[in-house]
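Contents: one structure, followed by commentary.
The values are calculated or read from the model by the stated rules, or taken from the named source; none is laboratory data. In this text the structure is predicted, and so the values were computed from the model without any measurement. Heads up, the Cβs are rebuilt from the backbone with ideal geometry, glycines too, and the neighbour counts pull from every protein chain shown. For accessibility, only protein heavy atoms count, side chains too; no ligands or nucleic acids. Shrake-Rupley method; radii C 1.70, N 1.55, O 1.52, S 1.80 Å.
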Amino acid sequence: MLQEGELVLEAPFTRRIFTNRDLAFDQISVIGFDMDYTLALYRQEELEALSIRCTLDKLIARGYPEALRDMQADPAFAIRGLVVDKTYGNIIKMDRHGYVGRAYHGKNLLPKPTRKALYRAQRLGTERERFAPVDTLFALPEVTMYAEVVDRIDQRPDLWPSGPPTYAQAWNDVRECIDQAHQDGSLKDLIQADLPRYFQLDLELGPTLHKFRSAGKRLFLLTNSLLPYTESVLGYVLGGQMSAYATWRDYFDWVIVGARKPEFFTGNQPFQELDATANPLGRPTGEPRRGRIYNGGNQLGLQASLGVHPDEVLYVGDHIYGDIVRSKKSSGWRTALVVEDLEHELGIRRDRQIALKEVEQLVPADLAGRRALGPALPVAPARPHDSGRSGPPGRRPRGRREPAGRHPHPGPPPLRPPAQVRRGDGNDPGTPDRRRRRGLQPLLGLRLRRPPRFEPLRRPGRELRLHLHQPRHQLPLRLAHPLLPLPARLDAPLALLGQVSDARAHEVVPRRAGFQTDTRRAYLNITAQVEAAVRKSGVREGLCLVNAMHITASVYINDDEPGLLQDYDDFLERLAPHAPTSHYRHNRTGEDNGDAHIKRQLMGREVVVAITDGKLDFGPWEQIFYAEFDGRRRKRALIKIIGE
C-alpha cells in the first residue's frame, strides 16, 4: 500500500549515512566541522583544472619545458587511495593487504608480468622515501600532472636541455609547486574571485546546522584555512540561507582557523584571537572563548573550553588521517568522514545491481553456509596459536587437515552445557576446536528463534575468554573473573563483563565489541579504563593484573609523554624493523608480523599494580599502556583484580 502511494521507503544513496559503530546521538553535546570538502563542496573538475594551471606556471619557472602546457589532463584519471612509486614513476592501486592489482607508468597501464615482477615480493607503503600516498581530493591534480610529466620524460627527454629529472625529483617538484600555489595565494585568489564556478551550493546546509542548534547541540568550526579565505567561502555557501543568522559565524559557538591539522591534535600551539579582518587581538591564550575567532591552537585547549567529555564530541571531516585518524587517536572524539567519492561508487553498484546479484549467486555453498551464521561471524581461517589473527585466504593452520565428507554447519552451533562441551573433542561438530578447523569462531550471542535461556558455558570458578564482536542476543552467564575488551576511544570506560563471588548469574551487557587500531603500531594509555574496573570491583586492598591477550601486543607502565612514546617506537623499529619482511623466518609461513613478536618480547606481557584504599598505587607519572605492534584487527586485554 505504501509503495502504491509512491512513498519513498529508502533514502537515496546520496542521503545515507554508513556506520561501522553505533552512535548514540542523544549523547553527543558538541559537533565540530572541517570546511573544505565538508561544509564547502568544490566542483572537482574545475578545481583540478585550476590547480594544474597554477602548478604548470611554477614548474615552467623551474625550468620545465613549455610543451607541458599542451597536456590534456583527464580529471577522471586519479582517485583517492592510490600510491605513487617515486623510484619507478609508477602510480599503483593496491588492496588492503598490500597486493598491487593495477599499476600505471605515467598514463600507460603496465602489463601483468611487469607489474608482478616489480611488486610481487614486497608489502608496499612501508618505505616512506619511495612511496607517497594519495589520500585527499586536493592531491588528485598532483597525480594527474605527475603522470603527464613521466610520459614526457620517457617520450621526449630532449625537452630538457640539461637532461630530464629523475622520476623522484619530478614528483618532488610537482608537490612543491602545488604547495606553493596553495600557500602564496595564487590559487585561492582565483577561487575567491569566482566562487560560483568552484563551489556547489547546498541549500540544506544552513537549515541542517540550525536543526543541530535547535536540538541543543553546540557547534564549532575547525579548519586549516586562514580567516580571509574562510570568510569568503563560508560567506558564499552559508550567506543568506536563514534570516535568523546574520553571518556564517553566527552558526558556530567556536571558530578555529589556521589550525594546522593534524598537528592541532598533538601539539601545544596557543590560540591567537582575531578580529573580523584577521588582525590579532591581545596576547595568545591557552583556551579559546566561546563566540570568538581564533587562529592556531591545540586540541587540549579546545577540549577544556568545550566543557564536555571527549566521547560527547562528534567531529566531521574529509581527511582520513588529518581529520579522522589523528583526532580519534589523540582526543577520543567520535568521528564522521565525508567521502565524496562514495557517491560515484554507489552509483556504479546501483547501475550494476543485477550483475552483482548474479555474482552473489555463484558464491560456493560453503561460504553461503557461513554467511547464514550472521555478519558477526568471522570467516577467515584462524591461526592455532592466536585466535584473534586471520591468516591469508586459503591458508590452513599447520598440522590440521579438513576431514573428508564434512560440510560446514548450516546454522549456528548448538549451545551445550559444560559436561557435553569438551575442548578438543574431535567428534563433536559444535565444539570450539571443530569450529576453528573450519575457520569459524564460537559466538557469545546467537540468533535464536526462541527467547534466550540460561546456558552455563563454564563452571563457576573458571574464567571464560570471550571473543569480541557485537552479540545478537545477551545471554546470562556465570563468570568468575572480569574480562575487558579494549575500547576504540582512549577515554571510554571499559565494559566489565562480569564478576561473581557466589553462584548467582549476572547479565552480560558488553558495550564494546572490540577495537582495532588504524595503524600497525600504536601506544594506548588505558589507565582510566583500569581505574574504572578497580572502582567497579569494590576491592579496597589487593592487586590488579593487566595483560595483553595477544602475542603481538604488550602492556607496560611508564610516563605518558609524546616524545617518550615516539622514542619507544623509534627504538623498537631500530632493533626489530618491520621491513624488509623477508628477513624474518617466521614470515615464511605467510605472515608479515615477525617483528611484532620480537617487540612484544622486549616490552613484556603484563603489569601488576597494588591497590591501596581502592585506588591504583602508582609512583610519580606512572601510567598503564597497551602497546600494539600488529594492529588493524580486533584485540583484547585481561584485567584481573584480587583482594578484599
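Some observations on this one:
- Using the Cβ-Cβ distance between residue 46 and residue 535 with R0 set to 56 Å, the FRET efficiency from 1/(1 + (r/R0)^6) comes to roughly 0.50.
- The string of couplings for the stretch 136-149 from the Karplus curve (6.51, -1.76, 1.60, θ = phi - 60°) is 10, 5, 5, 7, 5, x, 4, 5, 4, 5, 4, 4, 5, 5 Hz, one whole number per residue in order, with x for Gly and Pro.
- Here is the list for the stretch 81-118: chymotrypsin sites (Phe, Trp or Tyr not before Pro) lying in DSSP coil, each with at most 13 other C-beta atoms within 10 angstrom of its C-beta, are 99.
- Surface exposure of the stretch 41-160, expressed per residue as accessible area with a 1.4 Å probe, stands at 49 Å².
- For the Cα trace of the stretch 20-119, dividing Rg by the Kirkwood Rh returns an Rg/Rh value of 1.11.
- In percent, rounded to a whole number, the relative contact order of the stretch 41-128 is 16, using alpha-carbon pairs under 8 Å and six or more apart.
- For residue 635, the residues whose amide H sits under 5 Å from its own are 515, ignoring neighbours fewer than 5 places away on the same chain, with H placed 1.01 Å from N.
- Of the GluC sites (Glu not before Pro) in the stretch 143-208, the ones in a loop by DSSP (not H, G, I, E or B) with at most 11 other beta carbons within 10 Å are 204.
- The Stokes-Einstein estimate for the stretch 231-348, based on a Kirkwood radius over Cα pairs and taken at 10 °C with 1.306 mPa s viscosity, is a diffusion coefficient of 101 µm²/s.
- Convex hull projection area averaged over all views, the stretch 170-234, Cα basis, nm²: 6.0
- The Cα-based radius of gyration and maximum Cα-Cα distance (Dmax) for the stretch 582-644 are 16.5, 51 Å.
- For the stretch 115-242, relative contact order (Cα pairs under 8 Å, six or more residues apart, normalised by length) works out to 18 percent.
- Low-density loop positions, trypsin sites (Lys or Arg not before Pro), the stretch 518-597 - DSSP coil, at most 15 other Cβ in 10 Å: 540
- The residues neighbouring residue 62, those whose beta-carbon lies less than 12 Å from its own, together hold a net charge of -2 under the Lys/Arg +1, Asp/Glu -1 convention.
- Extent along the principal axes, Cα only, for the stretch 541-583: 48, 26, 12 Å, with the longest axis given first.
- Accessible-area order (highest first, 1.4 angstrom probe) of the listed residues 335, 136, 14: 14, 335, 136
- Taking the convex hull of the alpha carbon positions in the stretch 91-215 and averaging its projected area over all directions gives 12.8 nm².
- In this simple spin-label approximation, residue 357 and residue 162 carry label points 7 Å from Cα along the Cα→Cβ vector, and these lie 6.4 nm apart.
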